[in-house]
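A short write-up of the structure that comes next.
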Amino acid sequence: MSQPPSPKQAARVNIATIGRMFADGERIAMLTAYDYPTARILDDAGIPMLLVGDSLGQVMLGYDSTVRVTMAEMLHHTKAVVRGTNHALVVADMPFLSYGVTPEASLENAGQLMREGGAGAVKLEGGERSARTIETIVRAGIPVMSHIGLTPQSIHQLGGHKVQGKTREAGRRLMADALAIQEAGAFAVVLELVPEQLAAAITERLRIPTIGIGAGAGCAGQVQVVTDLLGMSADFTPKHARHYAELYRVIKAAAESYRDDVKAGTFPGPEQTTRMEDRLLDEILGRTLLDRADSMATGPGIPLDRDL
Ligand code: KIV
């Protein structure tokens, strides 16, 4: 007899939940997450989908592009995010060349992100060119989110972070990409840096949700890089991001105060400190009451007979 699902399993968002939200006209909020503590906060905040984006290459690891990110790094961060969530659907990015080379390797790597990483879905870049790969992975029972428009893994080919689909030909290609992805079985598609009217037209045409980033408010949902949202960079905010907090300033000010308190000797204070019975310390040090009185007289030390 099959067991009833545990409350934890029952509460987890899955692609059916996302499909229902879309059908009900509920806009879907998605954020990237790369680590356990942030994932816990975002999950508690009720963000239904968390993306372990390969943007972690730049945001968390200091690389100059997502091209450098490896499967091992994606797995490491995916596991941490999954451990930090009870509710959100965790989507793991497939890193550069982990898919699209051979069907076998694509499937193996997607499977690893699910089996070992614990993700609930994977994301990969490319429209028509990735349709066969999407089909292979979906057929194996792995939900796929696709990603078109500005696709960061092709940044060297695209020649920079530019808005995509701005000419008649490019716009038509983007629409064809979106339809091909849907046909291949993707459950959602990220539209990155696409003019808002074109993104809205693609959204109208598709039966699966579009998740926009720099693609206007007409998409079925939005995704943002969490560090952009939280204002964690001193000198960079992309045009499509809005700061909902200023964590760079908050964290820097906190670190400066801590540094000053340590210098001044005011941290740790009594609240952060544990004391022991003076008599016990005397025993540890093999010290008599007289010795202790002497050491008190000669410098800073432990107050006499203060049993805490
Ligand atoms: O890696 C990432 O963060 C992404 C988002 C920009 C959608 O793919």
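Criterion first (touching a Phe, Trp or Tyr at 6+ places or on another chain (Cβ under 9 Å), more than 14 Å from the ligand (Cβ to nearest atom) and closer than 24 Å to Tyr99 by Cα) does Pro209 satisfy it?
no
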Within the group Gly218, Gly171, Gly165, which residue is small (Gly, Ala, Ser), at pLDDT below 95 and touching a helix residue (DSSP H, G or I) at 6+ places or on another chain (Cβ under 8 Å)? Gly165
For region 151-181, which positions are under 25 Å from the mean Cα position of the chain (by Cα), aliphatic (A, V, I, L, M) and part of a helix (DSSP H, G or I)? Ile155, Leu158, Ala178, Ile181
Quick one: would you say Thr70 is of a type outside the set (Gly, Ala, Ser), buried (at least 20 other Cβ atoms within 10 Å of the Cβ) and either within 25 Å of Phe236 (Cβ to Cβ) or touching a strand residue (DSSP E or B) at 6+ places or on another chain (Cβ under 7 Å) (or both)? no
Restricting attention to region 155-193, which residues are under 19 Å from Pro238 (Cβ atoms), buried (at least 22 other Cβ atoms within 10 Å of the Cβ), touching a His at 6+ places or on another chain (Cβ under 8 Å) and among the hydrophobic types (A, V, I, L, M, F, W, C)? Val190, Leu193
Extreme residue, nearest to Asp93 (Cα to Cα), among residues of region 212-269 that are in a helix (DSSP H, G or I) and within 12 Å of the ligand (Cβ to nearest atom): Val226
Check on Asp35, more than 18 Å from Ser146 (Cα to Cα) and either within 12 Å of the ligand (Cβ to nearest atom) or surrounded by fewer than 19 Cβ atoms within 10 Å (Cβ to Cβ) (or both): yes
Lone unmet requirement of (1) within 15 Å of the ligand (Cβ to nearest atom); (2) without any contact (Cβ under 8 Å) to a residue 60 or more places away in the chain for Asp44: (1)
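A quick yes/no check of all residues on (1) more than 16 Å from the ligand (Cβ to nearest atom); (2) within 19 Å of the chain's Cα centre (by Cα):
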residue: Gly57; (1), (2): no, yes
residue: Val69; (1), (2): no, yes
residue: Val82; (1), (2): yes, yes
residue: Ala140; (1), (2): yes, no
Can you find even one residue in region 219-241 that is closer than 18 Å to Ile28 by Cα and surrounded by fewer than 13 Cβ atoms within 10 Å (Cβ to Cβ)? no
The listed residue being β-branched (Val, Ile, Thr), in a loop (DSSP other than H, G, I, E, B) and under 21 Å from Met30 (Cβ atoms), out of Ile148, Ile134, Ile208: Ile208
What are the residue pairs meeting all of these: first residue in region 47-67, first residue modelled with pLDDT of 95 or more and aromatic (Phe, Trp, Tyr), second residue outside any loop (DSSP other than H, G, I, E, B) and within 11 Å of the ligand (Cβ to nearest atom), Cβ atoms under 6 Å, and 6 or more apart or on different chains? Tyr63/Gly57
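The values are calculated or read from the model by the stated rules, or taken from the named source; none is laboratory data. The model shown is predicted, which means the values in this text are computed figures rather than measured ones. So basically every Cβ, Gly included, is an ideal-geometry build from the backbone, and we count neighbours across all protein chains shown.
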